[in-house]
Amino acid sequence: MENEDVVQKFLEVFGRREDELFEGEKELLLNIERKYQEDKKPFRINKEECALIVVDMQNVFVAPWGKVWIPEALRQVPRIKKLIETCRELKVPVIYAAHTLADDCKHTYYEFSPPLKGGTIAEEAEQTKIYKELAPNEGERVIWSKHTYSAFAGTDLDYILRDLGTRTVIICGTGTSICCESTARDAYFLHYNVVFGNDINSCSNWMAQVATLRTMRWKFARVMTGEEIASILREGESD
């Protein structure tokens, strides 16, 4: 985005005129925009300390017959599958988070997602199952107690990761701006390093996708493609 476009967009969104800007504010806005776009390396990715978290890649969101179908999630299946296979080959733990709900643990979720009422994503329901092309291998952990957006909230995920010696979590799945972002933020708050895939996290709104990737890149995570992540896991990371 050009410098003038950055300033004009800010004025438009906040309903301001250019003459209302404080002295030095234009420079501040442009500096912040650069930070949103800058790929930082605040930590090194060491495969021995990594775990892959696959968020909500379930029939309900991925399959065309799912109650809350996200078409881009289906398109990203091959990339996610390739990263999963790389992690398995390199002995990087693969952990699945699966969204499940019941009437006694729904909070206000049904108000936001009416199609999921009536046991649609109860633990044993067909909609709840991990999409078949990404099915867990025997022995791989599935977090079935994910009753809200974050895979950490009210689950055993933090215990599992610490028991594995994990310091860096790699996040892929759906939806980018809701469950994936919530999981990434909680991971950061728990002092994990976070790697967030920009082409292996999906949602149905481009603005939400861009907003999350920008926020992750600036403050919470290293943002890169699934292929870049796999390459670093295989070959290590240069200084």
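The values are calculated or read from the model by the stated rules, or taken from the named source; none is laboratory data. Note that the coordinates shown come from a computational prediction; the quantities given were computed from them, not determined experimentally. Counting neighbours? That spans all protein chains shown, and the Cβs are built from the backbone with ideal geometry, glycine included. Just so you know, the surface numbers come from the protein's heavy atoms only, side chains and all, with ligands and any DNA or RNA stripped out. Shrake-Rupley method; radii C 1.70, N 1.55, O 1.52, S 1.80 Å.
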Roughly speaking, to the nearest percent, how much of the chain's 1.4 Å accessible area is carbon and sulfur?
50
Measure off 7 Å from each Cα along the Cα-to-Cβ vector at E38 and A208, then give the distance between these two points in nanometres to one decimal.
3.0
Give the accessible area for S231 in Å² (nearest 10); use a 1.4 Å probe, count only protein heavy atoms, and leave out ligands, DNA and RNA.
40
Quick calc, the range 2-103, dipole around Cα centre from Cβ unit charges on Lys, Arg (+) and Asp, Glu (-), nearest 20 debye, gives 920
How big is the shadow of the Cα convex hull of the chain, averaged over all directions, in nm²?
14.8
Going by accessible area, probe 1.4 Å, with all protein chains left in place, what is the ranking of D5, D158, D39, largest first?
D39, D5, D158
Distance violations [Cα-Cα > 18 Å] among K106/K146; K82/K132; K117/K146; K40/K81; K47/K91:
K40/K81
Kirkwood hydrodynamic radius (C-alpha pairs) into Stokes-Einstein, the range 108-195, 4 °C and 1.567 mPa s, D in µm²/s
90
Residues of the range 187-214 with the amide nitrogen closer than 16 Å to a label point 7 Å from the Cα of V13, along Cα-to-Cβ, please.
206-214
Given a Förster distance of 45 angstrom, what is the FRET efficiency for N137 paired with E25, based on the Cβ-Cβ distance and rounded to 0.05?
0.25
Just how much of W69 is accessible, in Å², when a 1.4 Å probe is used and the result is rounded to the nearest 10?
110
Taking the Cβ of C203 as the centre, find all other residues whose Cβ is under 10 Å away and add up their charges (Lys, Arg: +1; Asp, Glu: -1).
-2
Per the rule of 0.36 nm per residue minus the C-alpha distance, extending D5 to H191 adds in nm 63.4 nm
At q = 0.13, 0.17, 0.23, 0.28 Å⁻¹, what is the base-10 log of I(q)/I(0) for the range 18-80 according to the Debye formula with one equal point scatterer per Cα and no solvent? Please give it to two decimals.
-0.72, -0.79, -0.94, -1.09
Quick one: accessible area per residue over the chain, 1.4 Å probe, rounded to a whole number of Å²?
54
Could you give the distance between the Cα centres of the range 160-239 and the range 95-119, to the whole Å?
24
Against the globular-protein guess of 2.2 N^0.38 Å, express the Cα radius of gyration of the range 1-45 as a ratio, rounded to two decimals.
1.43
Straight-line reach check, K9, cutoff 18 Å on alpha carbons, 8 or more apart in-chain or any other chain, hits among lysines -> K26, K35
If you place +1 on the Cβ of every Lys and Arg and -1 on the Cβ of every Asp and Glu, how big does the dipole about the Cα centre of the chain come out, in debye to the nearest 20?
480
Ignoring everything but the protein chains, give the 1.4 Å probe accessible area of K117 in square angstrom, nearest 10.
110
With the alpha-carbon atoms as the only input, what is the per residue convex hull volume for the range 167-210 in Å³?
56
With no solvent term and unit scatterers on the alpha-carbon positions of the range 1-122, Debye gives log₁₀ I(q)/I(0) at q = 0.10, 0.11, 0.18 Å⁻¹ of -0.65, -0.75, -0.94
From the backbone phi of the range 31-40, what are the Karplus-calculated ³J(HN,Hα) couplings (6.51 cos²θ - 1.76 cosθ + 1.60, θ = phi - 60°) in whole Hz, Gly and Pro given as x?
5, 5, 4, 4, 5, 5, 9, 7, 8, 9
List H147, H191, ordered by accessible area with a 1.4 Å probe, largest first:
H191, H147
Order the following by accessible area, largest value first: D186, D156. Probe radius 1.4 Å; ligands, DNA and RNA are ignored.
D156, D186
